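Take a look at the structure set out below.
The values are calculated or read from the model by the stated rules, or taken from the named source; none is laboratory data. Small disclaimer: the values here were computed from a predicted structure and weren't measured. Quick reminder, even Gly has a Cβ in these numbers, built from the backbone with ideal geometry, and neighbours come from all protein chains shown. Surface areas here come from the heavy atoms of the whole protein model, side chains and all, with no ligands, DNA or RNA. Shrake-Rupley method; radii C 1.70, N 1.55, O 1.52, S 1.80 Å.
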Amino acid sequence: MSAQPLLVDMTDGIAVVTLNRPERLNAFNTDMLSALAEMFARLREDADCLVIVVTGAGRGFCAGQDLTTRDPLLSGPTPDLGSTLETHYNPLILAIRDLPKPVIAAVNGPAAGAGANFALAADFVIAARSASFLQAFARIGLIPDAGGTWWLTHHLGEPRAKALAMLAEPLKAETAAEWGLIHRVVDDETLMEEAMALARRLAAASPVALALTKQAIHTASEHALAAQLGIERDLQRQAGQAGDFAEGVAAFLEKRPARFRRTAR
Ligand code: T3D
């Protein structure tokens, strides 16, 4: 029997999801992609799940599409890659992006191809100092997918986006943090400790505020200021009507920490 492609551990509102194909640096195959889709759909609806941390088993984070499944000698006619993106990668990236809960990628080693861009879809990317991000696509005659052209261009601008995508050289975690592509770089041995400390902080925050903030920040890059101000008005109205606002203000006035509802509903 083959090993489970994903391991999921839920403690105190934090789901730790481990990509589990270490012998292939956790490359994506259909089983893993389907398991991820199912898992994100389930955690989205799980009111006890407040934060999700994704990491990789073994020495890698994720090496992108499993290229053994694309061996031209074995797989016959060229597969329709547009269809793979439509079926698996695009819905996965949108599921993370639209999830009303924070997602942390704890990047423990090489993140390549769609594996790098899957990490960049997270709200917080924390990487081990030895980790790297590789837009490997040009090496095999492809373009960056899984949001790669979007993340790189939005976070870094065209010159760096083009260099990373067209030269397909690994970007060290430290440089990725300096350039603002990821949140932080930490020593290898403290990666999970730091990721879990961040997850606990987020789990103690107002779930409503985090969900609406995520939504507002995502729309900001797509709108002019006047339109974004309208979105802030609408989302703030929702936030103000949720109970966390009253608790936050009461806690401030009573000079005590806020006790937000520990549920994502
Ligand atoms: O196809 C579609 O549906 C379209 C969608 C495409 C999305 C994509 O992600 S395309 C890009 C696919 N990924 C890559 O091109 C990256 C390939 N991997 C690498 O370039 C390197 O492995 C790394 C830079 C990630 C790490 O290098 P290194 O030296 O640390 O490790 P390694 O020795 O290359 O890899 C270790 C093992 O993992 C090795 O197996 P072995 O020789 O020990 O049996 C290697 O073959 C295997 N591995 C690594 N990446 C993949 C892989 N096996 C299958 N697929 C992989 N992507």
Taking every DSSP bridge whose two residues both lie in segment 1-158, the antiparallel percent to the nearest 5 is 25 percent
Rounded to 0.05, the calculated FRET efficiency for the beta carbons of Arg262 and Gln238 at R₀ = 22 Å is 0.65
Of all C-alpha pairs within segment 1-128, those more than 27 angstrom apart amount in percent to 15 percent
Summed over the other residues with a beta carbon less than 15 angstrom from that of Asp188, with K and R at +1 and D and E at -1, the charge totals -1
Per residue, accessible area of segment 135-265 with a 1.4 Å probe, heavy atoms of protein chains only, in Å², comes to 62 Å²
Around Gly58 (Cβ within 9 Å, Cβ-to-Cβ, excluding Gly58; K/R +1, D/E -1) the net charge comes to +1
Counting only DSSP loop positions in segment 215-255, the trypsin sites (Lys or Arg not before Pro) whose Cβ has at most 15 other Cβ atoms within 10 Å are Lys255
With -39,500 (n - 2.57) per DSSP H segment of 4 or more residues and division by the full residue count of the chain, the 222 nm estimate, nearest 500 deg cm²/dmol, is -13000 deg cm²/dmol
dims of the chain, Cα set, principal axes, largest to smallest, nearest Å -> 68, 47, 35
Of the convex hull drawn through the C-alpha atoms of segment 25-79, the volume per residue in Å³ is 92 Å³
Checking segment 148-244 for chymotrypsin sites (Phe, Trp or Tyr not before Pro) in a loop per DSSP with at most 15 other beta-carbon atoms within 10 Å yields Trp179
Among GluC sites (Glu not before Pro) in segment 216-253, those in a DSSP loop whose Cβ has at most 13 other Cβ atoms within 10 Å are Glu222
Projecting the Cα atoms of Leu73, Ala168, Ser221 onto the charge dipole of the chain, where Lys and Arg contribute +1 and Asp and Glu -1 at Cβ, the residue farthest towards the positive end is Ser221
What the 10 Å binned alpha carbon P(r) of segment 107-248 shows, as percent of pairs per bin from 0, is 11, 33, 30, 21, 5, 0
Once the dipole of segment 90-229 is set up from charges on Cβ (+1 Lys and Arg, -1 Asp and Glu), the residue from the list Ala211, Gly180, Pro110 lying farthest towards its positive end is Ala211
Length gained, Glu254-His154, 0.36 nm per residue minus C-alpha separation, equals 31.8 nm
Counting only protein heavy atoms with a 1.4 Å probe and every protein chain in place, the carbon and sulfur fraction of the accessible surface of the chain in whole percent equals 57 percent
